[in-house]
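One structure is given below, encoded as structure tokens.
Every number here is computed from the coordinates shown, using simple stated rules; none is lab data. In this text the structure is predicted, and so the values were computed from the model without any measurement. Using ideal geometry, Cβ is built from the backbone for each residue, glycine included, and neighbour counts are taken over all protein chains shown.
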Amino acid sequence: MHGDSIFLESLAVVLCVAAATTVLCQRVHLPVVLGYLLAGVLIGPHTPPLLVADAGVIGTLSELGVILLMFYIGMELSLRKLAEVGPRGFAVVLVELGLMLSLGYVAGRLAGFNPIECAFLAAMLSISSTTIIARTFEEQRVPPRMRDQVFGTLVIEDIFAILLIALLTTLATTRSLDFAGLAAAAGRLGIFLTVLMMIGLLLVPRLIRFVVSLKRPETTLVTSVGVCFAAALAAQQYQYSVALGAFLAGCLVAESGEGKRIAAQVRPLRDMFTAVF
């Protein structure tokens, strides 16, 4: 019962504070996402303990927000659109990562960090927050074509981030760069993505079309979210980002032709847990 009390208390604090800060931001004509960030500051561990929520509970809830958001983006983007933006997105990611890694490393050296610390600083500065960008784009009503291009680029960036994590892990443990290990990590990631997509394309679109044919919205919602979390769990089991698995699940659901209908049902869930994030 004590654990249930902590969960309920943390959720109540987060949602009430977020409601107050977002209303305040809207009243003064500021983006809602700033209200969410302000709420995070107010209930975080570095503020007076009046409103501090349990970090473990909030961490779990925020991860749900990331999963549902990436699932929603996957349904909007779809595999066809991702293939269209892929070449341009790949080029953008190479330029952006190269530039930010270089600037981050130089900034670290100027700050007096050692080379390994500089590498980690550069990596942190080079990766964008898909969640923040998605919320900002939604409020600013960014044109669909630009939104698809940016989200496609962010997905490719997330894939590079997985390889970057593998490289930094090796660097931190062996104090040297292991390009053979990086190539092996890239191969494992490629195999995982290929297998997941092949199995998913065979099963998920057919399953979604069958469930939609039952004409029970709640069954459609439960099944779709179940597919989302199953893909996220599969990614986590192989030590990849849950966000990547959720995004691919959204793309697979979109292949059923029912992506827009399901996105409309998932959106309230996405909004609540993204606010927690």
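Using 7 Å Cα-to-Cβ label points, what is the LEU163/ARG88 separation (nm, one decimal)? Here the modelled spin labels are 2.2 nm apart. In this rough spin-label picture, where each label sits 7 Å from Cα along the Cβ direction, the ALA107-LEU221 distance is 4.2 nm.
Here the calculated FRET efficiency for GLN237 and GLN26, from their Cβ-Cβ distance with R0 = 45 Å, stands at 0.65, rounded to the nearest 0.05. For VAL142 and ILE116, a Förster radius of 30 Å and the Cβ-Cβ distance give a FRET efficiency of 0.20, rounded to the nearest 0.05.
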